[in-house]
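A.B. asks: Provided herewith is a single structure, encoded as structure tokens, for subsequent inquiry.
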Amino acid sequence: MDVESGPPPPSPSAAAPSPITTRLNSYVAESRIGKRFKLTERDTTFTTELRAGTATFLTMAYILAVNASILTDSGGTCSVSDCIPLCSDPSVSPLDCVTRRDVRLVPPDAACKFNPVNPGYAACLEKTRKDLIVATVAASLIGCAIMGVFANLPLALAPGMGANAYFAYTVVGFHGSGNVPYQSALAAVFIEGLIFLLVSAVGLRAKLAKLVPKTVRISSSAGIGLFLAFIGLQNNQGVGLIGYSASTLVTLGGCPSSARTEVAPVITSANGTISLIPGGAVSNDILCLHGRMENPTFWLG
């Protein structure tokens, strides 16, 4: 859970507020809302809190899209049953395939969840992504409301980064390729939440936090920032500046779509044929075969 606090109030040397702003601040400070949030006691004003809240929201609004995108990579509740039969000839639509005798409909298998993703599975993923956006908004709304109304603290709460990536790519796995089913992983997260609630209620959380060295606490924020930058620079989540490299793991990207290929765990047999390792999955990572930094679309934006 990410916690964001608003910026400090402006210094006394700041420009004097307009008469309208002054009257508004005085009116709100004397109202029930101003007394409830102790604006006068805390030496702040309504407009200062409004600016601080706006800045805090803009600082953490990224989580609405990023959290849903990362959790969608786990596949959610989508399964092979959401895949639709496709024609043996990819150029023929399933509807036309039924009426022709030279082609046939091929029932989906476990590979339909990976690139190229089956249209039915892709539609399920899109619905899951929209549902997760709503869930992220609802969780943030409830957390911020409780923190502001009941705790009366200038803090914003929202789902945090790090645990969602561990959940999606390590626990559940990309499109459900891990060892733990999505539903079981959600149950584990629910139990984890109850444990954290109990730990916080008895005051143990604060004592445990003090055991973490200050350097680790500070570097964790920097690490999360680098992780967000890494996501934003990838091809499948952001601008496409970086791509996969077998030797250095990360290298420059920005290559044209014709020069890209997906990464997958494969095995080469004695006769030279290449096949996907059983249980392996095609990744969304992009490998540039040539033409790095030569994609016109990348330079446009």
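A.B. asks: Before we move on, is Cys78 touching a Cys at 6+ places or on another chain (Cβ under 9 Å) and modelled with pLDDT of 90 or more?
C.D. replies: yes
A.B. asks: Here is a follow-up. Quick check on Thr48: is it out of contact with any Leu (no Cβ under 8 Å at 6 or more places or on another chain), closer than 30 Å to Lys127 by Cβ and touching a residue at least 12 places away in the same chain (Cβ under 8 Å)?
C.D. replies: No: the conditions fail for Thr48.
A.B. asks: Among the listed residues Asp82, Asp43, Asp89, which satisfies the condition of being of a type in the set (Asp, Glu) and touching a Gly at 6+ places or on another chain (Cβ under 7 Å)?
C.D. replies: Just one listed residue meets the conditions, Asp82.
A.B. asks: Quick one: Val103 ticks every box in (1) assigned to a helix (DSSP H, G or I); (2) surrounded by 14 or more Cβ atoms within 10 Å (Cβ to Cβ) except a single one, so which number is it?
C.D. replies: (1)
A.B. asks: Can I ask one more? For the range 74-100, enumerate the residues that are in a helix (DSSP H, G or I) and either surrounded by fewer than 18 Cβ atoms within 10 Å (Cβ to Cβ) or of a type in the set (A, V, I, L, M, F, W, C) (or both).
C.D. replies: Residues satisfying the conditions are Val80, Ser81, Pro94, Leu95, Asp96, Cys97, Val98, Thr99.
A.B. asks: Any chance the range 30-42 includes a residue that's at pLDDT 90 or above, of a type in the set (A, V, I, L, M) and not in a helix (DSSP H, G or I)?
C.D. replies: Yes, the range 30-42 contains a residue that is at pLDDT 90 or above, of a type in the set (A, V, I, L, M) and not in a helix (DSSP H, G or I).
A.B. asks: Is one or more of the residues making up the range 45-53 part of a helix (DSSP H, G or I), at pLDDT 90 or above, among the basic types (Lys, Arg) and under 27 Å from Ala156 (Cβ atoms)?
C.D. replies: yes
A.B. asks: Quick one: what pairs do we get from the range 91-115, first residue over 30 Å from Gly176 (Cα atoms), second hydrophobic (A, V, I, L, M, F, W, C) and in a helix (DSSP H, G or I), C-beta under 9 Å, 6+ apart or different chains?
C.D. replies: Val103/Cys97
A.B. asks: Is the range 156-169 home to any residue that is touching a Cys at 6+ places or on another chain (Cβ under 7 Å), among the small types (Gly, Ala, Ser) and not in a helix (DSSP H, G or I)?
C.D. replies: Within the range 156-169, one or more residues are touching a Cys at 6+ places or on another chain (Cβ under 7 Å), among the small types (Gly, Ala, Ser) and not in a helix (DSSP H, G or I).
A.B. asks: Picking from Ala185, Ala246, Ala259, which residue would you name as being within 27 Å of Tyr121 (Cα to Cα), modelled with pLDDT under 85 and not basic (Lys, Arg)?
C.D. replies: Answer to the check: Ala259.
A.B. asks: Of all the residues that make up the range 51-62, how many are in contact (Cβ under 8 Å) with a residue 12 or more places away in the chain, out of contact with any Pro (no Cβ under 9 Å at 6 or more places or on another chain) and of a type in the set (S, T, N, Q)?
C.D. replies: Residues flagged as in contact (Cβ under 8 Å) with a residue 12 or more places away in the chain, out of contact with any Pro (no Cβ under 9 Å at 6 or more places or on another chain) and of a type in the set (S, T, N, Q) within the range 51-62 amount to 1.
A.B. asks: Inspect all residues belonging to the range 63-73 and state whether any of them is farther than 21 Å from Glu126 by Cβ, of a type in the set (A, V, I, L, M) and surrounded by fewer than 20 Cβ atoms within 10 Å (Cβ to Cβ).
C.D. replies: Checking the range 63-73: not a single residue is farther than 21 Å from Glu126 by Cβ, of a type in the set (A, V, I, L, M) and surrounded by fewer than 20 Cβ atoms within 10 Å (Cβ to Cβ).
A.B. asks: Right, another one. Give the residue, chosen from Thr128, Thr136, that is surrounded by 12 or more Cβ atoms within 10 Å (Cβ to Cβ), in contact with a helix residue (DSSP H, G or I) (Cβ under 7 Å, 6 or more places away or on another chain) and in contact (Cβ under 8 Å) with a residue 60 or more places away in the chain.
C.D. replies: Thr136
A.B. asks: List every residue pair whose Cβ atoms lie under 6 Å apart, where the two residues are 6 or more positions apart in sequence or sit on different chains, the first residue falls within the range 158-184 and is among the β-branched types (Val, Ile, Thr), and the second residue, located anywhere, is surrounded by 14 or more Cβ atoms within 10 Å (Cβ to Cβ) and assigned to a helix (DSSP H, G or I).
C.D. replies: These pairs meet every condition: Val171/Ala185; Val172/Tyr182; Val172/Ala185; Val180/Val171.
A.B. asks: Is there a residue in the range 121-137 that is farther than 30 Å from Gly160 by Cα and among the charged types (D, E, K, R)?
C.D. replies: So far as the range 121-137 goes, no, none of its residues is farther than 30 Å from Gly160 by Cα and among the charged types (D, E, K, R).
The values are calculated or read from the model by the stated rules, or taken from the named source; none is laboratory data. Only a predicted model underlies this, so the values are computations on that prediction, with no experimental measurement involved. A quick note on method: Cβ atoms are made from the backbone with ideal geometry, for glycine too, and the neighbour counts reach across all protein chains shown.
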